[in-house]
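Presented below is the structure to which this report refers.
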Amino acid sequence: MSQVRSQVRTLTAPAAPRARMAPPAARRPRPALRPAAVALAPAVLTLRARAVGDPPREQHVADESTTYQIAHRDLPEIVRLLGEADVAHGLYYLLMHAVFALWDGGLLALRLPSVLAMATAAAGVGLLGHRLAGPRAGLAAGLVFPLAPAVQRYAQEGRSYALVCAAVIAATHLLLSAVARPRRRTWTAYAAVAALACLLHEFAVLAVLAHGVALHRARVPAALGWAWGRAAAVVAVVLSPLVIVSQQQAALVGWISRPGLPDLLGFGALALIGLGCARAPLPSRGPLPLRAVALPLLLVPPATLLAVSYVHPLYVDRYVLYAYVGLALLLGAALERLARTRRVVAGGLAVLSVAALLPYSVQLRTPQSRIDDPLAAARTVRELTRPGDGVLFLPARRREPIMSSPGDFRGLRELALARHAIPSGTLHGIELPAPSIRARMLTAGRIVTVNDPPGQPLDDTPQERMKRAVLTRYFHRCAVRDVTGMRIVLYARPGRC
């Protein structure tokens, strides 16, 4: 009986609870990128390009030569020069004068501000993308920006364009802050930084115009539009003296020709890429839509300068280098979206892009990549000449070789120079009147000339016309040597080649 009871208890006892199966582990969200990482990675990539030492330290382009020579003048001499020439770069020359006063480190000191400014610009692009489309889009934009060939080039040249990029990006950040939280001090800071960018190079004013277009596209309240208008008016007032003086020096950019097919194709290709990215459903989370900010930065400055240049030629792509900020933002947001949907495709595109740009990046660090090479021209002059020969610069602004390397011209007679650059307060010195140049040329048996490369328009001054006429009538061409960005020609009287 007891045995039966025990069996009944066993059968009626509650069953032991079964071990519950753990639910499948939920995917952990990917850790968010911190703003510091979004800024640091592009800056490190830019610095890793080792732009400071490339191209070789003994080589520089003519514009760098001009920066180096002017920055080493005394402060009164710089101020005197700016009243006559190159006032558009005046603030940059004063900055570089201060750099060399603190540390005269040669070409390393000349290029270091550009490298640091472009690294700062790359970090700023990353943070712009972070604010407008999220951290991963920002990181992608910041990494795309320093890969652009033009950005790589001007990150390693001693000119103002990298600093202008950094200032335009800082002004764009301040614009976003002013839209998100309108305050007088934020708009004041925006006007100050935008004015600084314009004083570094007056065509940065086109970025301010692009900001106005961005606000219009975003349909911001009228109060914000008026606030931007007041800030833009302050920038215009600050910039107006520079514009007035630079217009009086317009002959200095007479070498710029009307936009040709390469200019249009170059701008058109970048515009098509940007417009293609903008058509995709891009992420947007900032105070302004990403498209509204990026497209005007990409399109408005170069398109405006191109249009103006058909009336008054002024278009050079480096003058609006900051347009690449807009392209980087659009590409970064498009790549981030593609990575979320088709990660393999996005990775493949990134690898292909880097592989396509690698040959250019390598070539950029060779002497052949430079647009001109004053030191190579000076060496060629030394090889072609002997003491007592005459030397001419056609046009006179081609004096960079003798100013960069006067030793290579030792023993030669300058046939056109009346006063040197520093005593005359000019960029390249002052030449004699045309009749005096003719008289001096006729005393020479051999003359070496430093010329523009073939295809450049000829300067139409009395001095330049006289040089060409005397050489054509009284001299024979003996030797022609092409160096990067210049042509060296040796002339002699008949029978003396």
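Given the residues Gly455, Gly407, which is the only one that is exposed (fewer than 13 other Cβ atoms within 10 Å of the Cβ), not in a helix (DSSP H, G or I) and not assigned by TED's automatic domain parsing to the domain that holds Ala250? Full working, then the answer.
On the way: Gly407 fails: not in a helix (DSSP H, G or I).
Answer to the selection: Gly455.
For Val220, the conditions (1) surrounded by 17 or more Cβ atoms within 10 Å (Cβ to Cβ); (2) out of contact with any Ser or Thr (no Cβ under 8 Å at 6 or more places or on another chain); (3) not in a loop (DSSP other than H, G, I, E, B) all hold with the exception of (3).
Among the residues of the stretch 297-330, which ones are under 12 Å from Val164 (Cβ atoms) and of a type in the set (Gly, Ala, Ser)? Selection gives Ala323 alone. Search the stretch 310-323 for residues being part of a helix (DSSP H, G or I) and modelled with pLDDT of 95 or more, and hand back the single one that is farthest from Pro42 (Cα to Cα). If we take residues in the stretch 310-323 being part of a helix (DSSP H, G or I) and modelled with pLDDT of 95 or more, then Tyr319 is farthest from Pro42 (Cα to Cα).
With respect to Tyr491, determine if the residue is of a type in the set (Phe, Trp, Tyr) and farther than 17 Å from Leu384 by Cα.
On the way: of a type in the set (Phe, Trp, Tyr): yes; farther than 17 Å from Leu384 by Cα: no.
Here the answer is no, as Tyr491 does not meet what is asked.
In this structure, Pro423 qualifies as under 38 Å from the mean Cα position of the chain (by Cα), assigned by TED's automatic domain parsing to the domain that holds Arg398, surrounded by fewer than 20 Cβ atoms within 10 Å (Cβ to Cβ) and within 29 Å of Gln249 (Cβ to Cβ).
Determine whether the stretch 435-446 contains at least one residue that is within 18 Å of Trp255 (Cβ to Cβ) and either of a type in the set (Gly, Ala, Ser) or outside the structural domain of Leu252 (by TED's automatic domain parsing) (or both). Among the residues of the stretch 435-446, not one is within 18 Å of Trp255 (Cβ to Cβ) and either of a type in the set (Gly, Ala, Ser) or outside the structural domain of Leu252 (by TED's automatic domain parsing) (or both), which makes the answer no. With respect to Arg219, is the statement that it is of a type outside the set (A, V, I, L, M), assigned by TED's automatic domain parsing to the domain that holds Leu314 and at pLDDT 95 or above true? In short, no.
The set of residues from the stretch 458-493 being within 16 Å of Ala396 (Cβ to Cβ), polar (S, T, N, Q) and assigned to a helix (DSSP H, G or I) comprises just one member, Gln463.
Of all the residues that make up the stretch 270-288, how many are outside any helix (DSSP H, G or I), within 19 Å of Gly142 (Cβ to Cβ) and either at pLDDT 90 or above or of a type in the set (D, E, K, R) (or both)?
If we filter the stretch 270-288 for residues that are outside any helix (DSSP H, G or I), which is where we start, we get 279-288.
Of the ones still in play, those that are also within 19 Å of Gly142 (Cβ to Cβ) are 282-286, 288.
Subset that is either at pLDDT 90 or above or of a type in the set (D, E, K, R) (or both): 285, 288.
Summing the residues that are outside any helix (DSSP H, G or I), within 19 Å of Gly142 (Cβ to Cβ) and either at pLDDT 90 or above or of a type in the set (D, E, K, R) (or both) in the stretch 270-288 gives 2.
Restricted to the stretch 132-153, and to residues there that are surrounded by fewer than 24 Cβ atoms within 10 Å (Cβ to Cβ) and in contact with a Lys or Arg (Cβ under 9 Å, 6 or more places away or on another chain), the residue that is nearest to Leu282 (Cα to Cα) is Gly134. Screening Ala303, Ala292, Ala328 for residues that are more than 22 Å from Val151 (Cβ to Cβ) and modelled with pLDDT of 90 or more leaves exactly one candidate, Ala292. With respect to Ala231, determine if the residue is at pLDDT 90 or above, surrounded by 14 or more Cβ atoms within 10 Å (Cβ to Cβ) and either over 22 Å from the mean Cα position of the chain (by Cα) or assigned to a loop (DSSP other than H, G, I, E, B) (or both). Yes: the conditions hold for Ala231.
When Ala167, Ala155 are screened for being at pLDDT below 95 and either over 21 Å from Met118 (Cβ atoms) or under 21 Å from the mean Cα position of the chain (by Cα) (or both), only Ala155 passes.
The values are calculated or read from the model by the stated rules, or taken from the named source; none is laboratory data. Just so you know, these numbers come straight off a predicted model, no measurement behind them. Counting neighbours? That spans all protein chains shown, and the Cβs are built from the backbone with ideal geometry, glycine included.
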